Amino acid sequence: MSVNVILFTLLIAMVFLVIISRASGGEPTLFGHQFKVVLSGSMEPTFQTGSVIAVDSEIDTANLEKGDVITFAESENKLVTHRIIDVVQQGDALMFQTKGDNNENPDQQLVLADNVVAEYTGVTVPYIGYFLDFSNSQMGTALLLIVPGLLLIGYAFFSILGALREIDPKRKEESTPS
């Protein structure tokens, strides 16, 4: 496989990753699954900080049970992924008691079923979350789009120079009298 193909594939992959991240509001979505970056150690050793987990946002909260790992809105701008340790039914309201695997105590507030946004699918990719988090920053977006492009242009430049060097000795041979 030529370096040209590798660099071009890298460029396309980076552009695709950045576009998907921006279009989905920061979290890439692929095949109906959202990918969330793990930002804290509350669920270690299940997920390491900096990992990416796949979650399914198409869930029926009535089917959730003790032991399931859910992502829920703790506040307007904060999502949390913790394990259900108890299911509580109070009248018509379905709620969940949650706890991070690495936390000593359960979460202080019960989670309303309406606040559950996704369920963990069992897919974890370690360390790539640092890369995704960086790619969502302005500097990261610029670097991920510019660097592969510059590498591709640089490779093309050196390929052209190499081709010109091959042509030049052939011309000298043709023009020298025998």
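The values are calculated or read from the model by the stated rules, or taken from the named source; none is laboratory data. This one's a predicted model, so the numbers in the text were calculated from it and none came from an experiment. Cβ placement follows ideal geometry from the backbone for every residue including glycine, while neighbour counts extend to all protein chains displayed. The area values use the complete protein model at the heavy-atom level, side chains included, leaving out ligands, DNA and RNA. Shrake-Rupley method; radii C 1.70, N 1.55, O 1.52, S 1.80 Å.
Amide H contacts for residue 117 (H built 1.01 Å from N in the peptide plane; partners 5 or more residues away or on another chain; cut-off under 5 Å): 71, 72, 73.
Take the range 118-170 with all the other protein chains still there, run a 1.4 Å probe, and you get 69 Å² of accessible area per residue.
Less than 20 Å from a label point 7 Å out along the Cα-to-Cβ axis of residue 166: which backbone N atoms in the range 137-159 qualify, by residue? Label zone hits: 152-159. FRET efficiency for the residue 133 to residue 56 pair, using the beta carbon distance and R₀ = 22 Å, is estimated at 0.55.
Note on residue 121 and residue 12: the extension gain reaches 36.5 nm, defined as 0.36 nm multiplied by sequence separation minus the Cα-Cα distance. For the range 85-171, the square roots of the Cα gyration tensor eigenvalues, ordered a ≥ b ≥ c, give a/c of at least 1.5 with a/b greater than b/c, which places it in the prolate category. Heavy atoms of the protein chains alone define the surface here; on that basis the range 56-101 has 58 Å² accessible area per residue at 1.4 Å probe size. As a fraction of the 1.4 Å probe accessible area of the range 72-126, surface on carbon and sulfur atoms comes out at 43 percent.
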